Amino acid sequence: MAFTTEPKNSDFAWAVHYDPVHGRTVLLIHDDDLGGLHHAWMYEPKGILYRHGGYWWDGERWNRPALVWDGAYERCDKRPVERQVTITAADVLRSPCQAHNASIATIASFTAPEAPVANWQDHLALWAQRRSSGSGSRPLEACVVDLHAPELEADTFVDMAGLTKITAVPADDMPDLRYGGAKELPEPQEGTGQAMRWSLPVARDWAENFHQKNGPRILLSATTSYNTTQPAGLTDSHNRLRGNFLEDLTKPSGTRRKPFLKGEDARQAADDLAWTAASSLMYGSDSGLVPHSALHEVLVDAVLGHLAEDAQREHGAKVLTWLPKSTVTMLVWFFRHQPDRTAGILGEICLEARTRFDIGPERVGEMLRRSFLNDSGLGRSTAESLMNMALPPSARRQ
């Protein structure tokens with residue numbers, strides 16, 4: 001592959017992708033998009049051609065935009081399009097096309113239209129006339145240009161309100177388009193800005209990834225005495241400590257000495273002291289009372305040590321043994337204090353188990369699910385919800 005800014009018009013760049021089976025793809029793109037396409041071709045699933053807001057062709061099948069991260073493989077999950085039909089240049093040219101209605105632009109004065117060219121088929125016909133007829137040219141039947149699928153019917157697309165409904169979160173929790181939130185949303189299949197619209201499968205995939213990242217924070221949260229929403233671990237610690245501090249502040253310190261504080265002053269002081277102590281267990285990364293990064297590594301190693309024993313003992317047995325209750329207890333403590341790290345830890349466990357012990361993510365996911373259902377103390381519904389949202393996609397499959 002090769003990329004270069006057009007020297008006669010620096011607003012644009014050329015991108016060339018060569019596949020030994022399917023031939024060459026040449027694209028003229030905005031120069032600002034060069035880095036993104038380079039990353040897509042180099043590091044994302046092997047897409048040769050992109051259409052309709054990120055739908056991509058891998059040489060055999062069309063797949064939906066890569067939106068759902070799978071930590072077990074350190075890549076986005078591949079989601080094939082259902083009932084897809086690949087469209088070639090030959091297919092398009094079977095419809096009435098008038099090459100004389102098209103024109104050849106000069107690169108020095110070229111500007112990209114805001115909307116798709118209405119007579120694109122005419123331009124394709126002109127390209128077909130002028131392309132080389134040499135032995136190296138691929139037949140038009142082998143030149144892939146587009147796809148058709150029921151999910152790409154425009155009347156099935158959803159707008160921002162529909163995406164919010166599918167994600168099943170309050171509108172205030174969604175990316176705000178007024179403050180650059182569009183960067184956090186999937187590329188639309190149609191429209192821009194407030195008029196963006198997405199296919200239903202793309203909306204569902206984005207919602208799935210949203211919940212994988214943000215769901216544990218929402219699920220494992222509670223309301224504090226200050227009427228704010230915080231991680232459940234922080235709230236529990238605060239509630240326990242405020243009772244302890246209130247007792248210490250209001251009890252007499254001797255037979256002839258009055259309590260240090262009493263009434264509302266004592267309650268407020270106890271609340272504030274307890275908040276400082278409880279938050280130090282959670283915030284401050286490794287500068288707080290608990291070194292969270294070190295604890296993260298220890299927890300992953302504890303699970304991997306258990307899996308290593310299973311790998312040596314079972315010799316191919318399909319069912320892994322449950323985690324020790326003590327390990328589950330510490331994982332729950334960590335998730336309730338650092339919910340945003342939940343998906344990362346579970347993905348890392350599945351990745352290391354796969355690469356070090358050749359244990360598939362689906363087996364590890366089932367073991368983690370059974371362990372949490374039995375020993376997490378979260379309740380069956382909460383434990384199921386946590387595993388359903390935070391496990392990598394490959395570890396959720398049965």
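One table, with the values for the structure above:
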| quantity | calculated |
| --- | --- |
| Built amide H within the under 5 Å cut-off of residue 190, gap 5+ | 197 |
| Part-to-part distance (alpha-carbon centres) for the range 128-207 and the range 101-119, which is given in Å | 22 Å |
| Extended-chain gain in nm, criterion 0.36 nm per residue less alpha-carbon gap, residue 333 and residue 192 | 46.5 nm |
| Environment charge at residue 300 (Cβ cut-off 9 Å; Lys +1, Arg +1, Asp -1, Glu -1) | -4 |
| Helix 200-219 vs. the chain, principal-axis angle (Cα, 0 to 90°, nearest 10) | 20 degrees |
| Neighbour-count ranking [beta-carbon atoms within 10 angstrom, fewest first] of 359, 29 | 29, 359 |
| Sparse-neighbourhood loop sites, GluC sites (Glu not before Pro) in the range 130-224 - DSSP loop, at most 14 other Cβ within 10 angstrom | 153 |
| Stretch gain in nm, segment residue 58-residue 98, where the contour uses 0.36 nm per residue and the Cα spacing is subtracted | 11.3 nm |
| Principal-axis tilt of helix 325-337 within the chain, Cα atoms, nearest 10 degrees | 70 degrees |
| Rounded to whole Hz, the Karplus (6.51, -1.76, 1.60) HN-Hα couplings of the range 292-305, x for glycine and proline | 5, 5, 5, 5, 3, 5, 5, 5, 4, 5, 5, 5, 5, x |
| Cα-based equivalent ellipsoid, the range 290-398: semi-axes from gyration tensor eigenvalues, Å | 20, 16, 13 |
| Amide H contacts of residue 12 (H built 1.01 Å from N, under 5 Å, at least 5 apart or other chain) | 6, 31 |
| Placed amide H near residue 221: partners under 5 Å, 5+ positions off or other chain | 232 |
| C-alpha long axis of helix 361-375 to longest principal axis of the chain, angle in ° | 20 degrees |
| The range 1-133 - Debye-derived log10 I(q)/I(0), Cα point model, q = 0.13, 0.16, 0.22 Å⁻¹ | -0.70, -1.05, -1.52 |
| Mean separation of Cα contacts under 8 Å, 6 or more apart, over the residue count of the chain: relative contact order % | 14 percent |
| Answer label, with volume of the Cα convex hull per residue in Å³ calculated from the coordinates and candidates (1) 207; (2) 127; (3) 152 | (1) |
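Where a number appears in this text, it was derived from the coordinates with a stated rule and is not lab data. Since the model is a prediction, treat every value here as computed from it, not as a measurement. When we count neighbours, we look across all protein chains shown, and the Cβ atoms used for this are built from the backbone with ideal geometry, even at glycine.
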